[in-house]
Amino acid sequence: VLQEIFMQLWRHPGAFDASRGNMGAWLAVIARNRAIDALRRRKPEDDIEDVVVSVEPDFASVADRARVMEKVRGALDGMPAPQRAALEMAYFEGLTHAEIAEKTGEPLGTVKTRIRTGLLSLRKVLAA
Amino acid sequence: MSVHEQFAEDLALYALGSLEGEERTSLEKHLATCASCRRELEMLRGDTSLLAMTTVGAKPPARSKQRLMAAIANEPRMPVAAKAAKTSRSFWRGVAWAAAAIAILLWFSSESMNTELRRQIAELKVRVLLQEKDLQHAREIVATLVDPDAMKVELVAAGSKPQPHGKAIYQMHNRSLIFFASNLPPLPPEKIYELWLFPANGGAPIAAGMFKPDAKGGAMVIPPLPAGIEAKNFAVTMEPESGSHEAPRGTMVMVGAGE
């Protein structure tokens, strides 16, 4: 997956538009999604040129990154446990909301809301 | 943010790649026409990238970079697909401008750098010349010392008979010992002279080489030695030619203490 992503970027250097965001974040999103695609043995779902990632504020330096990392970890720690679990299952394990609902025995709608609210609360700690 | 509420949750799932089937198709259809939902999707993707940063990923295998570079080296120089050509044209134009800017910067800085480098080279040349001269001198001294054909004359007090005589020149830090002997009595059959170093710390004597004198009783020994041994005495003994040479057992021929 790693090699494939870098090769695609090599072949299509215009795919990443620096004016539209941070390269680290962009690679993180592409790599994570491709890894999940590979694990699910499905064809890549999105063309890397169509993936635009926006993170605000932009954090280019290592110091910024360390600060952001700390904040995000704090936000995860502060989340209600079921919300954090849903987010982690969705992001790190690549489970779909249906799979999460099945696993936790919660209604589909609840899982969906948890995932979205979880993501938004990460954004909020950065804005704060 | 004016995100269409009915798509709000699906957008988050879409950003994570877990939206499938009909929900996915209808959201994609909507995204094609709705700029504010597209913007929200970009933000949500940014939010997921934050999660990536909360963890330290596995280190890629050491060979992966090598493999990647090899794969890139095998790539054709120019992308062939029409779409790629389009996107890469602006990229290459950017590269050309950047290269031009860098070239101009380099030209300016290289002028002052050249002057500095020229000065350094001149300085180094002088240093090399001086060192070559020193080295040549040192070589000549050593060559003379070790040359078997060099004339060796022992001067003694006028009227006295030449006696067996040895001189050890020892530099403990360099492990360097040069020993000269003269007027040694000829060896009986199956005997050999052996040089010994007696350490200052009272440790066991160290064998510093066996030798046989030439017809005039002269000899030179430049033995290998362990480092950092401070010497108290040097001595030459006469030992059996074969047999153990771990400690002096034979007759003491010469002995001398350091100054």
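The values are calculated or read from the model by the stated rules, or taken from the named source; none is laboratory data. Just so it is clear, the model here is predicted, and its values are computed rather than measured. Here Cβ is always computed from backbone atoms with ideal geometry, including for glycine, and neighbour counts include all displayed protein chains.
A few notes on this one:
So that you can scan it fast, the table gives a plain yes or no per residue for (1) touching a Pro at 6+ places or on another chain (Cβ under 8 Å); (2) within 11 Å of chain A (Cβ to nearest Cβ); (3) over 21 Å from A:Thr113 (Cβ atoms):
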position	(1), (2), (3)
B:His4	no, no, no
B:Ala12	no, yes, no
B:Gly21	no, yes, no
B:Arg38	no, yes, yes
B:Thr55	no, yes, yes
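- Residue match in the range B:72-79 (condition: at the interface with chain A (Cβ under 10 Å from one of its Cβ atoms), modelled with pLDDT under 80 and assigned to a helix (DSSP H, G or I)): no
- The residues of the range B:170-196 that are touching a strand residue (DSSP E or B) at 6+ places or on another chain (Cβ under 9 Å), exposed (fewer than 11 other Cβ atoms within 10 Å of the Cβ) and not charged (D, E, K, R), listed by number, are B:Gln171, B:Pro188.
- Top-ranked residue of the range A:88-102 - restricted to ones that are more than 7 Å from chain B (Cβ to nearest Cβ) and in a helix (DSSP H, G or I), ranked as surrounded by the most Cβ atoms within 10 Å (Cβ to Cβ): A:Ile100
- Of residues in the range A:107-116 being more than 7 Å from chain B (Cβ to nearest Cβ) and buried (at least 18 other Cβ atoms within 10 Å of the Cβ), the one farthest from A:Val72 (Cα to Cα): A:Val111
- Among the criteria (1) modelled with pLDDT under 75; (2) over 16 Å from A:Trp10 (Cβ atoms); (3) surrounded by 10 or more Cβ atoms within 10 Å (Cβ to Cβ), the one B:Trp92 does not fulfil is (2).
- Going through (1) surrounded by 11 or more Cβ atoms within 10 Å (Cβ to Cβ); (2) assigned to a loop (DSSP other than H, G, I, E, B); (3) under 47 Å from the mean Cα position of the chain (by Cα); (4) not polar (S, T, N, Q) one by one, B:Val3 falls short only on (3).
- Residue match in the range A:53-61 (condition: within 18 Å of A:Arg32 (Cα to Cα), assigned to a helix (DSSP H, G or I) and at pLDDT below 90): no
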